[in-house]
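K.L.:
Here you go, one structure.
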Amino acid sequence: MTTPDFTQMTRKELKKYILSHPKDDQAIRELFVHRRNPNVLVFSYSENMSYEEIETILRSKLNLE
């Protein structure tokens, strides 16, 4: 299987891809590191949070609820 060219995807396409491939570190890195907005608000979270709590936060930040 060939890896998609994440640099050619729109943000919306990349978000959709990441939702269906949540373990693809390369795609996640493209969205959250290479395309990071320098003015973005950063929210910290506790290391004791469950996966479900973190997923809920991420989905709300990605406007997918």
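K.L.:
Go through region 25-65 residue by residue and tally those that are surrounded by 10 or more Cβ atoms within 10 Å (Cβ to Cβ), assigned to a loop (DSSP other than H, G, I, E, B) and either of a type in the set (S, T, N, Q) or within 10 Å of the chain's Cα centre (by Cα) (or both).
P.N.:
Total meeting the criteria: 1.
K.L.:
Does Thr7 satisfy the condition of being assigned to a helix (DSSP H, G or I) and either surrounded by fewer than 12 Cβ atoms within 10 Å (Cβ to Cβ) or of a type in the set (Ser, Thr, Tyr) (or both)? Outline the logic, then answer.
P.N.:
Working: assigned to a helix (DSSP H, G or I): yes; either surrounded by fewer than 12 Cβ atoms within 10 Å (Cβ to Cβ) or of a type in the set (Ser, Thr, Tyr) (or both): yes.
It is true that Thr7 is assigned to a helix (DSSP H, G or I) and either surrounded by fewer than 12 Cβ atoms within 10 Å (Cβ to Cβ) or of a type in the set (Ser, Thr, Tyr) (or both).
K.L.:
In region 12-22, what residues are among the basic types (Lys, Arg) and more than 10 Å from the chain's Cα centre (by Cα)? Lay out the reasoning, then the answer.
P.N.:
In the first step, residues of region 12-22 are kept if they are among the basic types (Lys, Arg); the result is 12, 15-16.
The one that is among the basic types (Lys, Arg) and more than 10 Å from the chain's Cα centre (by Cα): Lys12.
K.L.:
Out of all the residues in region 35-54, which are within 27 Å of Thr7 (Cα to Cα) and touching a residue at least 12 places away in the same chain (Cβ under 8 Å)?
P.N.:
Of everything in region 35-54, those that are within 27 Å of Thr7 (Cα to Cα) and touching a residue at least 12 places away in the same chain (Cβ under 8 Å) turn out to be Arg35, Phe43.
K.L.:
Could you list, ordered by first residue, the pairs with Cβ atoms under 6 Å in which the first is in region 1-21 and touching a residue at least 40 places away in the same chain (Cβ under 8 Å) and the second is surrounded by 13 or more Cβ atoms within 10 Å (Cβ to Cβ) and part of a loop (DSSP other than H, G, I, E, B), at least 6 apart or interchain?
P.N.:
Filtered contacts from region 1-21: Lys15/Leu62.
Here, each number is a calculation from the coordinates, and none is a lab measurement. Model, not experiment: these values are computed from the prediction. Note: ideal-geometry Cβ built from the backbone for every residue, glycine included; neighbour counts use all protein chains shown.
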